[in-house]
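Data first, discussion second: the structure below is written as structure tokens.
Just so it is clear, none of the values below were taken in a lab; they were calculated from the coordinates. All values derive from a computational prediction rather than experimental measurement. Glycine gets a Cβ as well: all are built from the backbone with ideal geometry, and neighbour counts include every protein chain shown.
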Amino acid sequence: MSNRWMAARLQGYPPSVFAEMSALAKARGAVNLGQGFPDFEGPEIVKQAARAAISEHHNQYAISAGEPELRRAIADHAQRFYGQAVDPDHEVTVTSGCSEAIWCAAFAFINPGDEVILFEPAFDTYVPNIRMAGGVPVPVTLRPPDFRPDPDELRAAFGPKTRLILVNTPHNPTGTVLNPAELSLIAELCQEFDVLAITDEVYEHIIFGDARHRRLAQWPGMAERTLTMSSAGKSFSLTGWKIGWTIGPEALQSAIRRIHQFTVFASVTPMQYAIAAALRLPDGYFAELRAAYQARRDFLLEALAATGLTARSPEGAYFILAGIERFPFDHADDFCRYLVTEIGVAAIPPATFYIHQAEGKQLVRFTFCKRWETLEAAAERLVRLRA
Ligand code: GLN
């Protein structure tokens, strides 16, 4: 796809696989377990808060760093769930989704030639963001069946040029939730090599069984060198609202705020008020969200296992990364094309999540952030898929 007007920095990046698979699913009448967006509504009380904010004249530019009401709610949420003390005035910046926060971090902290460590598979914006900012991505591959970081490979990734590590837990697409030993190793290496940590924690409330979400920022020595990022989309099933945030020390926030003012300047004002209300929902809301997703995870796992796909139970997030090694397809792209056209189910081939493309060619991502009837329709169709 060459285009003489397109800047060189964009050549070589095809359109997002998520949009492509959603369009294909629609065209084929397939059940869409590809793009990770809920096909059900977020809480009515939060939608009502958005309507009220619009009626109450919260419709002009927000304060660039975020409306104080939302920044307070973000700080209180951090205190409630993690015992993390956050100063809402100086240690929080509101962004247009976590994706904007990560883009801002790339441009706020990376100098040309800096190395940035990330776990692959990595969410599809990370590598282009790093490269556009002039950074050099250094992937540490999470491999099946466990998709956990190998401590030696992680250590070997750090060096004198390492500027930053981008950590995503719970992890999209593997479902890995980093445990204390893994977070301790990351914390130790960040300090040994004087590295900044950015954490993408957008699935913080979608965790299963005994898994617990922990913040790297709370490890000894890490508060001053970590920016914790999250968003409302996944926790409140409102992915289209695009409200995210970063939490971290003032010195890092000032860099983020500087770049944020040159991008979107401020995020959508009424939605900030609504998300402030959402973050104050009672504990029961978050427990129900977890339970609802855990039941869906178990249902989809069983449906996938019956086909002969090898699927590990994810500890968090709302994806299952399944292996196609028992199927006669060399590449997940071909498998996904067959699946959407012949079986009527859309999934995501995760090549876009990899620098080392070969590592992902036998893996396919399914999402379970869907209504029961959607999952049941998918399961009915998957019966026709046999290894
Ligand atoms: N985060 C979602 C996913 O992984 C949606 C990504 C997107 O559409 N950009 O599917």
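Just a few scattered comments:
- In terms of its Cα atoms, region 28-80 spans 45, 30, 23 Å along the principal axes, sorted from long to short.
- Within the chain, the selection of entire DSSP H helices by a Cα span of 24 Å or greater along the long axis and an average Kyte-Doolittle value of at least -1.0 returns 283-307.
- Mean separation of Cα contacts under 8 Å (6+ apart) over length of the chain, as relative contact order %: 24
- The alpha-carbon of residue 234 sits under 18 angstrom from the alpha-carbons of these aspartates and glutamates, leaving out residues fewer than 8 places away in its chain: 39, 41, 44, 100, 124, 200, 201, 204, 283, 288, 315.
- With bins 5 Å wide beginning at 0, the percent of Cα pairs of region 214-262 falling in each bin runs 5, 19, 21, 20, 18, 14, 3, 0.
- Rh by Kirkwood over Cα pairs, then Stokes-Einstein D for region 190-311 at 1.306 mPa s and 10 °C, µm²/s: 93
- Ellipsoid equivalent to region 1-104 - semi-axes via the Cα gyration tensor, in Å: 34, 22, 16
- Over the chain: helical MRE at 222 nm, DSSP H runs n ≥ 4 each giving -39500 (n - 2.57), nearest 500: -11500 deg cm²/dmol
- Per residue, the convex hull around the alpha carbon atoms of the chain comes to 142 Å³.
- Taking label points 7 Å from Cα along the Cα-to-Cβ direction, residue 338 and residue 194 give a separation of 5.3 nm.
- Charge dipole (Cα centre; +1 on Lys/Arg Cβ, -1 on Asp/Glu Cβ; no other charges) of region 186-252 amounts to roughly 340 debye.
- Stokes-Einstein diffusion coefficient of region 319-364, Kirkwood radius over Cα pairs, 37 °C, 0.692 mPa s, in µm²/s: 311
- Chain lengthening between residue 330 and residue 76 when straightened (0.36 nm per residue, less Cα-Cα): 86.5 nm
- Region 1-55, Rg to Rh (Cα coordinates; Rh as Kirkwood inverse mean 1/r): 1.22
- Nitroxide proxy distance, nm - points 7 Å out along Cα→Cβ at residue 60 and residue 153: 5.3
- Dipole of region 277-387 [Lys/Arg +1, Asp/Glu -1 at C-beta], most positive-end residue of 295, 369, 285: 285
- Residue 261 versus residue 383: modelled label distance in nm, points set 7 Å from Cα along the beta carbon direction: 6.1
- Nearest-20 debye value, the chain charge dipole, Cβ charges on Lys, Arg, Asp, Glu: 800
- Paramagnetic reach from residue 11 in region 126-143 [backbone N under 18 Å; point 7 Å along Cα→Cβ]: 128, 131-134
- Extents of region 106-232, taken as max minus min of Cα coordinates on every principal axis and listed largest first, are 42, 30, 30 Å.
- Translational diffusion coefficient of region 159-231 (Stokes-Einstein, Kirkwood radius from Cα pairs, 25 °C, 0.890 mPa s): 197 µm²/s.
- Per residue, the convex hull volume that the Cα atoms of region 269-321 enclose (Å³): 91
- Taken about its Cα centre, region 1-82 carries a charge dipole of about 360 debye when Lys and Arg each add +1 at the Cβ and Asp and Glu each add -1 at the Cβ.
- Expressed in units of 2.2 N^0.38 Å, where N is the residue count, the Cα radius of gyration of region 58-156 is 1.36.
- Under 15 Å of direct C-alpha separation, and excluding same-chain neighbours fewer than eight residues apart, residue 47 reaches these aspartates and glutamates: 56.
- Kirkwood hydrodynamic radius of region 252-352, Cα pairs, Å: 17.6
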